[in-house]
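The values are calculated or read from the model by the stated rules, or taken from the named source; none is laboratory data. All values derive from a computational prediction rather than experimental measurement. Here the Cβ positions follow ideal geometry from the backbone for every residue, glycine too, while neighbour counts run over all protein chains shown. Side chains are part of the model used for accessible areas, which takes the heavy atoms of the whole protein and leaves out ligands, DNA and RNA. Shrake-Rupley method; radii C 1.70, N 1.55, O 1.52, S 1.80 Å.
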Amino acid sequence: MRKKQKIFMALMMAAFWSGAQLSGASAAALADTGEQSVSMAAQASVTKRGYDGYIWRLDAKDREQLPRNFHTVNSAYRTDVDRKKTGKDFVAQPTREGLSGLNMSGSAQFSAGELAVMVPVLKAQAKGPIYIVDLRQESHGFINGDAVSWYGPRDWGNIGKTHAAALKDEDMRLRRARGQIVTVAKLNGDKEAVSPRPVKAESVMSEQQLTRKNGLHYYRITATDHIWPAPENIDAFIAFTRKLPKDAWLHFHCQAGQGRTTTYMVLYDMMKNPGLPLKDIVSRQYLLGGADISYTIANPKPGQWKAPYYEEKARMLPQFYAYVQANHADGFRTSWSQWLKDHPET
């Protein structure tokens, strides 16, 4: 069966089992919700609205093990370094200075069973309250303990929506799924549904509900996948960290535990360790188990649509580092968005 036929069948099954609306959102509806600002590289994409979700993607099965890509600041540096996926300033043996007091970890999206396994591991290292920092803009939750998300192309089902609008969409989809038969599928490397299957949603929970059920704190940033964080998201994150107890432990996660997760772990590392070189911070967060977010594609080929987003991340990292150098002494009283206005990129 050709690729288009497979996608069509997946869409039809999703519509039949879960009552999905397959038509794109209208410009009027987008205007009603208000648009969240996104990076310059993604501005053109927001207006096209070709990214609406169509199926519940299985992100993680309900099983008793640690989630994918789980790592903490106390983890050993990886030895399987892929120099083709690192930036030009990669440091093979970056300093571990400041890691022991950083109090953070990261992973891919966890299922109910994976969270249950992860909690005692975090408690063994944390000396204070544990906060789950959910970085996903896409609507997601748990059906029968499995982690699922409402998937649209590029994982951009909620792109352009305000924080409130994205949470409203998520709440609506989870409520509609409760007690119903919904289609759930894994996605292959081409993001095609693999063996979609009908599932009776006997238990449906949001991540906030599951997190609090496990005795943890929860904080949500609706970050668009693949791109540099929107200014208001970084502002919100900085405001959040300023109010944290001194010994708080932060566990960051997105869908895969690489892009958004590593980005925010790098930002937090910069804020907590302003005296360290930027290249050491970026390199060590890769070596601990994340991604090298300074990586760029030198000569992008047709179809490598992520290339401009990689370029933007690499360009913005030094700017945020400069912001930290200028503002850490007073506890970041000046917001990131205001600092950007006062220091336009040259």
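Checked against (1) in a loop (DSSP other than H, G, I, E, B); (2) touching a Phe, Trp or Tyr at 6+ places or on another chain (Cβ under 9 Å); (3) buried (at least 16 other Cβ atoms within 10 Å of the Cβ), Val91 meets all criteria but (2).
Let's see how each residue does on (1) open to solvent by 50 Å² or more (accessible area, probe 1.4 Å); (2) under 27 Å from Glu311 (Cα atoms); (3) outside any loop (DSSP other than H, G, I, E, B); (4) in contact with a strand residue (DSSP E or B) (Cβ under 6 Å, 6 or more places away or on another chain):
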site: Pro67; (1), (2), (3), (4): no, no, no, yes
site: Asn74; (1), (2), (3), (4): yes, no, no, no
site: Tyr77; (1), (2), (3), (4): yes, yes, no, no
site: Thr95; (1), (2), (3), (4): no, yes, no, no
site: Gly101; (1), (2), (3), (4): yes, no, no, no
site: Leu115; (1), (2), (3), (4): no, no, yes, no
site: Met118; (1), (2), (3), (4): no, no, yes, no
site: Val121; (1), (2), (3), (4): no, no, yes, no
site: Lys127; (1), (2), (3), (4): yes, no, no, no
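Consider Gly160 carefully, then state whether it is within 23 Å of Ala236 (Cα to Cα) and either surrounded by fewer than 23 Cβ atoms within 10 Å (Cβ to Cβ) or of a type in the set (A, V, I, L, M) (or both). Here the answer is no, as Gly160 does not meet what is asked. With respect to the conditions (1) open to solvent by 10 Å² or more (accessible area, probe 1.4 Å); (2) closer than 27 Å to His71 by Cα; (3) in contact with a helix residue (DSSP H, G or I) (Cβ under 9 Å, 6 or more places away or on another chain), Ala314 lacks only one, and its number is (3).
Would it be correct to say that Val194 is β-branched (Val, Ile, Thr), more than 21 Å from the chain's Cα centre (by Cα) and more than 30 Å from Gly303 (Cβ to Cβ)? Judged against the criteria, Val194 is not a match.
In the range 240-282, of all residues being closer than 18 Å to Asn103 by Cα and of a type in the set (Gly, Ala, Ser), the one that is most open to solvent (accessible area, probe 1.4 Å) corresponds to Gly275. Of all residues in the range 75-92, those that are out of contact with any Asp or Glu (no Cβ under 9 Å at 6 or more places or on another chain) and in contact (Cβ under 8 Å) with a residue 12 or more places away in the chain total 7. Residue count for the range 328-346 under the criterion of being open to solvent by 80 Å² or more (accessible area, probe 1.4 Å), modelled with pLDDT of 95 or more and part of a loop (DSSP other than H, G, I, E, B): the result is 1. The residues of the range 170-226 that are β-branched (Val, Ile, Thr), in contact (Cβ under 8 Å) with a residue 24 or more places away in the chain and in contact with a strand residue (DSSP E or B) (Cβ under 9 Å, 6 or more places away or on another chain), listed by number, are Ile181, Val182, Thr183, Val184, Val199, Val204, Thr211, Ile221, Thr222. For the range 190-217, a residue qualifies if it is acidic (Asp, Glu), open to solvent by less than 70 Å² (accessible area, probe 1.4 Å) and at pLDDT below 95, and exactly one does: Glu192.
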